[in-house]
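K.L.:
Sharing a structure below in structure tokens format, with a few things to ask.
Values in this text are rule-based calculations from the coordinates and carry no lab data. Given the structure is predicted, the values throughout are model-derived calculations rather than measurements. Virtual Cβ from ideal backbone geometry, glycine too; neighbours counted across all protein chains shown.
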Amino acid sequence: MKKTLKRKMLPLITVLVFLFETLVIPWNTVYAQKSRLNFKKEPLSNEFIKYTQNKKQNIVKSSNQTDDKHEKNYGHIISPSNNTHYFPKEGHKFTFSKAEGLPAKYDLRKLKRITPIRDQGTLGTCWAFAAYGSLESTLLPKEKQDFSENNLINKSGFDNNYNDGGYPGMAIAYLSRWNGPVSEKEDKYTGKIKRSPSNLQPQKHIQNADYITGNDIDSLYANIKKAIITSGAIDTGMYMNEDKYYDDEHYSYYCDHKKKKYYINHEVDIVGWDDNFSRNKFESPSGKKPSHNGAFIVRNSWGKDWGDNGYFYISYEDVYAFTENVAFNDAEDTDNYTSEYSYDPLGVTDWYGYEEDTAYAANVFTATSNSVISAVAFYTKTQDTSYEIKIYNNVNGNSFTDLKLTKSGTIEYGGYHTIKLDTGVQLEKNKEFAVSIKFTSPGSKYPLPIEDPIDGYSSRATANPDESYISDDGIVWYDLTKEDECKNTNVCIKAFTSDSTNAENTFKKTKR
């Protein structure tokens, strides 16, 4: 009887196996291929491509991208990413409506919320001075710091030589991997190219860096002003040509030149504004003046002998200024976490996506000790990006199970962000865990922050299999290194851990 039953069941089992192999397995395979083949990399910015080509041909020397004969160097380079979303599409089209609650004039100098003027000398290092001008300002007035620009420049990790220049993303990468900021006393900037000591300890752990943006020029300027009030000086880029556009009588600057495409070549800090600064105090080679009064007060890094004791005024209507504005607006003591898990020492260099504003990314790490995940950090591309963090304690290849935590929210600005968890996730030494994030970036088809090698910028980027995964649905995950062009590509997701005592204190602060 049993043998007869088995003989009768065999054909049915054979049919079921056939159906599974022909329908289920191919469907999964096709779905996985769809997930893999449909992701795309955001094209590099045209400005970056032209800049690197010119540099290779020695058309652009060091960080100077101007015909200005001034002895000073500048130091801003072009970002490889397409950052056009940082500035309103209509450009400098004002309605000059006054934002409610904002004063007509504001100056961080009078509030003692800005550190003394620095001098970069003749080197292309303005980017380091502007980054620390913002970070040091956000710590004032409670804490006065002087951080080492020399260490930031030397230890950035990018392809650039000391005098080649940089931009805010390079500073964020250096700070977020806990290489700095280190003290100026331990590694002084001398105005000459010199090496930095090894194994210096960071004085702070950066938590946040916002790219201040707006839906139109009026909201952008209102947001910049609000950020100055709440968090201090703002790192911004400009096209500097002192010989043509600077008025040394009024310490004013106004570039109205639209016909020839200039590159942003200098970084400075916005420290305040004056809505009533007269339009008649600006001059340009064309003889034109701004149509309205108003200027931002700007801190330069050319010493006290330049400008108004190191400061000057840029018209609200300058064509190239204020297009990329970064607030290094949160840093904590270095005992906030005990360990950092990450694969992106060079930070975000590119963005991936599935031609939609939503995509998923995950990193798999191996715990080096018994500890607790207290926070997760990542980059966002656009305003009002929403995120959903999930942490799993069981990893089997590209399958993540044993979900321990889910946390979601929306972030006002693009940039680098640390999200503290309401409750911790316990880690077991030598066991793998996964941190996944669902990114939804309005208006962008490339919401996933990626570190990858770019010739002339981040060629040292490396990756290994079984580290970083992406997905279009959060279910089927694809290992980035399986694709030939992504062999050295990682996702920019970090996890910070604490021992049980520090974790308890962190969670108490989060709930407050």
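K.L.:
For GLU428 and GLU355, FRET efficiency with R0 = 22 Å and r from the beta-carbon atoms, rounded to 0.05?
P.N.:
The formula returns an efficiency of 0.05 here.
K.L.:
Then there's this: May I ask you to sort TYR132, TYR413 by Cβ crowding, counting other Cβ atoms within 10 Å and putting the fewest first?
P.N.:
Going from sparsest to densest Cβ surroundings: TYR413, TYR132.
K.L.:
Could you give the length gained by full extension between LYS112 and ARG460, i.e. 0.36 nm per residue of separation minus their alpha carbon distance, to one decimal place?
P.N.:
121.2 nm
K.L.:
Then there's this: Would you grab the residues whose amide H sits under 5 Å from the one on ILE212? Only those 5+ places off in sequence or on another chain, please, with H modelled 1.01 Å from N.
P.N.:
ASN325, VAL326, ALA327
K.L.:
Further, regarding this structure: What pairs in LYS429/LYS482; LYS50/LYS438; LYS445/LYS494; LYS55/LYS258 have C-alpha atoms more than 30 Å from each other?
P.N.:
Over 30 Å apart, Cα to Cα: LYS50/LYS438.
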